[in-house]
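What follows is a set of notes on a single structure, which appears directly below.
The values are calculated or read from the model by the stated rules, or taken from the named source; none is laboratory data. These numbers come from a predicted model, not from an experiment. We place every Cβ from the backbone using ideal geometry, glycine too, and count neighbours over all the protein chains shown.
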Amino acid sequence: MTMVRQTRQRAAVIEVLQASRAHPDAAWIHAQVRAQLPSVSLGTVYRTLDALVRDGVVVTIERAGQATRYDYRHDGQDHHHAVCRSCGAIFDVAAEALPVIPTLGLPEGFQVTGVRLEFMGVCPTCAGTQNPAQAGVAQRNHH
């Protein structure tokens, strides 16, 4: 793990990420940082996020056709994500709340260094606004 040099810009990005539980994208982070440091560029925010990802302080959540979202490791505890396919909301799921992930089927000698699990489905808010046909499709896809 490399140590990221602490600059005012990096400190501001980390502060914004620590304060957010919404898994924001770079544009939102940039807007928040600019409130503190008006001259910070979007490029600086992206470079800072890249360095934080390399250092394992931040993880990315990527969806085809959507902006990459960032998740700060708030408490040092591993967690996974549940993603609403309807509104795009992302929820944290505590790793200890899940059963042990089996390693059956991995190549012999494969050393697991981490697991990223995402549950795809429809959040309670969106499930309440769908017509019954859409909800049935979402429930079938969830299982």
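Which condition does Ala51 not pass, out of (1) of a type in the set (A, V, I, L, M, F, W, C); (2) touching a residue at least 24 places away in the same chain (Cβ under 8 Å); (3) within 17 Å of Asp92 (Cβ to Cβ), if it passes all the others?
Among (1) of a type in the set (A, V, I, L, M, F, W, C); (2) touching a residue at least 24 places away in the same chain (Cβ under 8 Å); (3) within 17 Å of Asp92 (Cβ to Cβ), the lone unmet condition for Ala51 is (3).
Would you mind finding the one in Val16, Val100 that is over 26 Å from Gly121 (Cα atoms), of a type outside the set (Phe, Trp, Tyr) and without any contact (Cβ under 8 Å) to a residue 24 or more places away in the chain?
Unique residue meeting the criteria: Val16.
Across region 94-113, what is the total count of residues that are closer than 30 Å to Arg21 by Cα and among the charged types (D, E, K, R)?
Initially, region 94-113 is screened for residues closer than 30 Å to Arg21 by Cα, giving 94-102, 112-113.
Within this subset, residues satisfying the condition of being among the charged types (D, E, K, R) are 96.
Residues meeting the conditions: 1.
Evaluate the following for Val112: is it modelled with pLDDT of 80 or more, outside the structural domain of Arg63 (by TED's automatic domain parsing) and surrounded by 10 or more Cβ atoms within 10 Å (Cβ to Cβ)?
No: the conditions fail for Val112.
Rundown of residues vs (1) loosely packed, with under 12 Cβ neighbours inside 10 Å; (2) modelled with pLDDT under 90; (3) within 28 Å of Arg8 (Cβ to Cβ), yes/no style:
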position	(1), (2), (3)
Val33	no, no, yes
Arg47	no, no, yes
Leu52	no, no, yes
Arg63	no, yes, no
His80	no, yes, no
Val83	no, yes, no
Pro102	yes, yes, no
Pro132	yes, yes, no
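Please state which one of Asp92, Asp25 is at pLDDT 90 or above and either aromatic (Phe, Trp, Tyr) or out of contact with any helix residue (DSSP H, G or I) (no Cβ under 6 Å at 6 or more places or on another chain) (or both).
Details: Asp92 fails: at pLDDT 90 or above.
After ruling out the rest, the residue left standing is Asp25.
Search region 1-31 for residues being over 18 Å from Asp78 (Cα atoms) and charged (D, E, K, R), and hand back the single one that is surrounded by the most Cβ atoms within 10 Å (Cβ to Cβ).
Top of the filtered list is Arg10.
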